[in-house]
Amino acid sequence: MFVSALPSEGDPALRQRALGRVSFMAANLEGQTRPLRIEESGSMRIRLPKGEGAGLDAVLVNTAGGIACGDRFSIEIDAQAGASVTVATPAAEKVYRSDGAVSKLSVTLKAGAGSQIDWLPQETILFDQARLERQLEATVAEDARLTLLEAVVFGRAARAERILDGLFIDRWRICRGSRLIYADTLRLEGPIADLLQKPSVGNGARALATLIHVSPGAEARLDSVREHLSSGQGCDAAASAWNGLLAVRFCAVTVEALRASVCSFLLTFRGEPLPRVWLS
């Protein structure tokens with residue numbers, strides 16, 4: 001028996017989509033941060049390269065090679081009391097074009113009493129017609145420290161690509177104890193390249209980054225941060241502080257200018273080397 005027609009390769013219902021989840025917990029054991037629990041599934045993996053010092057470096061790896069239409073990823077990082085964890089990625093995350101399905105990425109961070117989490121992935125690159133919804137939720141103890149950095153590049157610079165149509169939703173929610181101290185949602189839909197040209201949106205920028213720092217002394221660092229940002233070239237940046245947090249926004253026409261500005265800022269602000277995987 002024969003069939004007269006084969007299913008179309010473009011049929012979204014027949015495609016296999018990537019699903020990935022990582023759940024990681026670290027604890028302070030006799031002054032050293034050690035992994036307490038690691039759960040992995042699908043195409044998401046976490047690696048723990050040997051490092052120096054009392055903290056722990058974690059590297060997230062997406063073995064799917066990127067994010068495509070309809071993919072689902074979930075990441076949970078839990079630093080128990082006194083633990084120190086730095087999370088990074090080995091390369092920029094690529095979000096490919098979609099035929100309509102929206103990919104979703106969920107990140108949940110928990111920083112226990114006296115702990116520290118530095119969330120420092122490399123850039124996310126959105127291709128033309130990419131559709132991504134990202135949600136980041138963090139809960140921070142009163143005396144814990146949290147530094148979050150996310151950078152987004154709209155279009156492949158090497159191809160002079162413009163996003164003529166796409167969707168990017170980015171939701172951030174941060175709680176200190178049980179109190180919500182930061183809520184921000186960015187939504188860009190349709191001709192994103194044209195939207196970013198507007199002075200009230202991006203003023204021509206194609207690469208954006210947001211850094212949020214939560215700590216007992218976060219607001220006191222505002223003046224020194226603004227002084228550092230005032231000397232930057234090729235990248236517009238501004239900082240503000242309230243609710244026990246410090247917020248810094250970067251925007252640039254090129255990803256090179258954005259990365260140079262962000263790297264310089266991180267080196268000064270953290271007083272530590274950049275994650276090793278950023279330099280490999």
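Bear in mind that the values in this text are calculations on the coordinates, not laboratory data. Note that this is a predicted model, so its numbers are computed, not measured. A quick note on method: Cβ atoms are made from the backbone with ideal geometry, for glycine too, and the neighbour counts reach across all protein chains shown.
Size of the stretch 203-280 from its Cα atoms: along the principal axes, largest to smallest, the extents are 33, 33, 19 Å. GNM remark for the chain: springs join alpha carbons under 10 Å apart, and the peak mean-square fluctuation among Asp71, Asp184, Asp57 falls on Asp184. Computed about the Cα centre, the dipole magnitude for the chain is approximately 200 debye when only Lys and Arg (+1) and Asp and Glu (-1) carry charge, each at its Cβ. At a Förster radius of 45 Å, what calculated FRET efficiency corresponds to the Cβ-Cβ distance of Gln233 and Leu36, to the nearest 0.05? The calculated FRET efficiency here is 0.55.
Think of it as helices only: each DSSP H run of n ≥ 4 in the chain is worth -39500 (n - 2.57), and spread over all residues that comes to -3500 deg cm²/dmol at 222 nm.
The alpha carbons of the stretch 22-279 stretch over 53, 44, 35 Å along the principal axes, in descending order. A cut-off under 13 angstrom between Cβ atoms defines the neighbours of Leu48, and their net charge, with Lys, Arg +1 and Asp, Glu -1, is +4. Partners of Lys50 within straight-line reach, counting lysines whose Cα lies under 24 Å from its Cα and excluding those fewer than 8 residues away in the same chain: Lys110.
Once the Cα atoms are used to define both axes, helix 255-270 deviates from the longest principal axis of the chain by about 30 degrees. Quick one: net charge of Cys235's neighbours, Cβ under 11 Å, K/R +1, D/E -1? Result for the local shell: 0.
For the chain, the relative contact order works out to 12 percent when only alpha carbon pairs closer than 8 Å and six or more residues apart are counted.
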